[in-house]
Amino acid sequence: MYLYLKALHIIFVVCWFAGLFYIVRLFVYYAEAQLKEAVEKQILSKQYQLMTHRLWFIITYPAAVLATIFGVWMLIENPALLQMPWMHVKLTFIVLLWAYHFKCHQFVKQIRTNSLQKTGSFFRIWNEGATIILFSVVFLVVLKSAINWIFGVIGIFVLAILLTLGIKYYKKIRERNKE
């Protein structure tokens, strides 16, 4: 039974992260559509609102709930996991992931009401939050060490800094090409 739970947990975690990564891309597109001419803005906004709603409520939110249910069920089936220090750290990252998820939910609601105020650049950087959590959790689960994960997380923060610099550099290139 445990291995079936584990497989289902992994499947829904993959779906959850896929939804989180794509929803933030939709946030970028929606935010940038607000800078277009009126007709184009109206058409794109309506399409991105529909896509955002469907992705969030049909894929991402259900996957998050199911990943959590199967994860908790695994802990019930194998309570020894709760005695392992790396699991405590992993659960902390899961709390952070849910906080990230709920903040994305606020952005989804803002898109639905046409009140989103963030920029495409903000969302390009925001997207790295899920990446950092994903890397951290995968390293924790694979290494099963509450100590070694620190080196992995340091590497992830270095990666995040490099990604942020890359995003800013890419933005400068895009702005130069518009001229």
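Quick notes on this one:
- The Cα center of region 1-20 and the Cα center of region 97-137 differ in position by 21 Å.
- Solvent-accessible surface of the chain, taken per residue with a 1.4 Å probe and all protein chains present: 60 Å².
- The residue list Asn78, Phe102, Pro62 was ranked by how far each Cα lies along the charge dipole of region 1-119 toward its positive end, using unit charges on Cβ atoms, and Phe102 comes out on top.
- Once both labels are positioned 7 Å from their Cα atoms along Cα-to-Cβ, the gap between Ala7 and Ile94 label points is 2.1 nm.
- Karplus-derived 3J(HN,Hα), 6.51/-1.76/1.60, for each residue of region 33-42, Hz, glycine and proline x: 5, 5, 8, 7, 5, 3, 5, 5, 4, 5
- Two-site FRET efficiency, Ile154 against Ile125, from Cβ-Cβ distance with R₀ of 22 Å, rounded to 0.05: 0.70
- Per-selection Rg to Rh, the chain - Cα, Kirkwood hydrodynamic radius: 1.04
- Percent carbon-and-sulfur accessible area, the chain, ignoring ligands, DNA and RNA, probe 1.4 Å: 70
- When you filter the trypsin sites (Lys or Arg not before Pro) in region 1-61 for DSSP loop state and at most 16 other Cβ atoms inside 10 Å of their Cβ, you are left with Lys36.
- Estimated dipole of the chain in Debye, rounded to 20 [Cβ of Lys and Arg +1, of Asp and Glu -1, Cα centre]: 440
- Note: relative contact order over region 55-179, using C-alpha pairs below 8 Å and six or more positions apart, is 28 percent.
- Of the cross-linked pairs Lys46/Lys103; Lys118/Lys178; Lys90/Lys171, those separated by over 25 Å at the C-alpha level are Lys90/Lys171.
- Charge-dipole axis of the chain as Lys and Arg at +1 and Asp and Glu at -1 on Cβ define it, positive-most pick from Ile111, Ile173, Tyr30: Ile173
- Candidate aspartates and glutamates for bridging to Lys168, where Cα separation is under 14 Å - those fewer than 8 sequence places away on the same chain excluded: Glu128
- Scoring 99-107, 124-132, 75-83 by mean Cβ neighbours within 10 Å over their residues and listing the highest first yields 124-132, 99-107, 75-83.
- Farthest positive-ward along the chain dipole, Cα basis, beta-carbon charges - from Phe21, Leu140, Phe122: Phe122
- Calculated FRET value between Gln83 and Ile161, using beta carbons and R₀ = 35 Å, to 0.05: 0.50
- Working note: 222 nm ellipticity from helices only, DSSP H runs with n ≥ 4, each -39,500 (n - 2.57), summed and divided by the residues of the chain, gives -29500 deg cm²/dmol to the nearest 500.
The values are calculated or read from the model by the stated rules, or taken from the named source; none is laboratory data. This one's a predicted model, so the numbers in the text were calculated from it and none came from an experiment. Backbone-built Cβ (ideal geometry, glycine too); neighbour counts: all protein chains shown. Calculation scope for accessible area: heavy atoms of the full protein, side chains included, ligands and nucleic acids excluded. Shrake-Rupley method; radii C 1.70, N 1.55, O 1.52, S 1.80 Å.
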